[in-house]
Amino acid sequence: MALRVPAGFLRGLLRVALRPFLGPPFPFWFQRAWLTLASSLNLVSRAASVSKLDIDAMSAICVRPKRSDPDRTILYLHGGGYCTGSWRTQKGLISQLAVDARAVAYVPHYRLAPEHPHPAALDDALRAYRWVLDEGASPDRLSIAGDSAGGGLALALALAIRDSDLAAPASLVLVSPWLDLRGDTPSMTKNEKVDPMPRPAWSRRCAAAYLAGRDPEDPACSPLYARHEGLPPVLIQTGTDEIIVDDSIRFAERAREAGVDVTLQVFEGLWHEFQIHAGLLREADQAIEKIAQFLHAH
């Protein structure tokens, strides 16, 4: 029988044990270590194996479900504000998604700011995409996915692929995507006290570290401001209580106007990246099942 944790209890736990440590005065090295430790509570699906590998000299993992279609591939980009995070912090989400989608997932550990500001993460994502193709993945059976900053990076990657000679992926999945590094949308203020995960101050600090003086409206950094024509079908998931819920809503509107096939799923009363609690939170499992349905359709 699956272990279930009530959403209210989990929200309170995050508010006390995680949120206070995301932002000043704690340095990024401490936040990275604390996030990794806190994420040890997240569950890896027993229906998948996890192995380490190198992707073009980048450390990475491969998540392979015991029952999978070897032709189905996911390139997954983890969140963490471009300054923290790794596959370990999102392991519950990634492993459950791979199992539900019956797909092999590759998760590169791209370089992080402030040591490696933009365009390091995007360059690494492009390297990973080329590697997956070179390994034999078929573009029409390949999806790019990511959460939070990884969702923003996934969209920036899809745009870079569109503007290159690389074959486009079949679909794009954005989980609680961070798409506007200006950080001045109404939900930043409205949801500051209800989102138990990131604080606006932390988001601004991460944005400054990643941008390193660049214009926050640079489409390569804030893909909300890019041209969106020619993107593959996109699924976006967000929660009403997120400080960056406006990013998802605004992108969905702009992408539809550009003729993109967009599915926007907004989960009432849920917070930033609630999907990382797969195996613990029923709503997270249900959301990941919806992602898998989208991937099966595309």
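Odds and ends about this structure:
- Subset of segment 209-252 that is of a type in the set (Asp, Glu) and assigned to a loop (DSSP other than H, G, I, E, B) - its residue that is nearest to residue 122 (Cα to Cα): 218
- Qualifying residue in segment 37-59 (condition: open to solvent by 40 Å² or more (accessible area, probe 1.4 Å), at positive phi and in a loop (DSSP other than H, G, I, E, B)): yes
- Residue among 173, 107, 132 that is in contact (Cβ under 8 Å) with a residue 24 or more places away in the chain, part of a helix (DSSP H, G or I) and farther than 23 Å from residue 27 by Cβ: 132
A quick yes/no check of all residues on (1) free of Cβ contacts under 8 Å to residues at least 12 places away in the same chain; (2) among the charged types (D, E, K, R); (3) open to solvent by 30 Å² or more (accessible area, probe 1.4 Å); (4) in contact with a Gly (Cβ under 9 Å, 6 or more places away or on another chain):
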position	(1), (2), (3), (4)
240	no, no, yes, yes
252	no, no, no, no
261	no, yes, yes, no
264	no, no, yes, no
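- Filtering 140, 69 for residues that are over 30 Å from residue 207 (Cα atoms), in a loop (DSSP other than H, G, I, E, B) and open to solvent by 10 Å² or more (accessible area, probe 1.4 Å) leaves a single hit, 69.
- Any pair with Cβ under 7 angstrom, 6 or more apart, that starts in segment 2-26 at a residue that is without any contact (Cβ under 8 Å) to a residue 60 or more places away in the chain and ends at one that is open to solvent by less than 60 Å² (accessible area, probe 1.4 Å): 17/38; 21/31
- Among the residues listed as 170, 145, 125, the single one being open to solvent by 10 Å² or more (accessible area, probe 1.4 Å), under 18 Å from residue 105 (Cβ atoms) and of a type outside the set (Lys, Arg): 170
- For segment 139-159, the set of residues classified as hydroxyl-bearing (Ser, Thr, Tyr) and either modelled with pLDDT under 95 or closer than 20 Å to residue 260 by Cβ (or both) consists of 143 only.
- Checked against the criterion of being modelled with pLDDT of 95 or more, open to solvent by 10 Å² or more (accessible area, probe 1.4 Å) and of a type in the set (Lys, Arg), the candidates 199, 162 yield just one match: 162.
The values are calculated or read from the model by the stated rules, or taken from the named source; none is laboratory data. In this text the structure is predicted, and so the values were computed from the model without any measurement. Positions of Cβ are generated from backbone atoms using ideal geometry, with glycine treated the same way; all protein chains shown enter the neighbour counts. Surface areas here come from the heavy atoms of the whole protein model, side chains and all, with no ligands, DNA or RNA. Shrake-Rupley method; radii C 1.70, N 1.55, O 1.52, S 1.80 Å.
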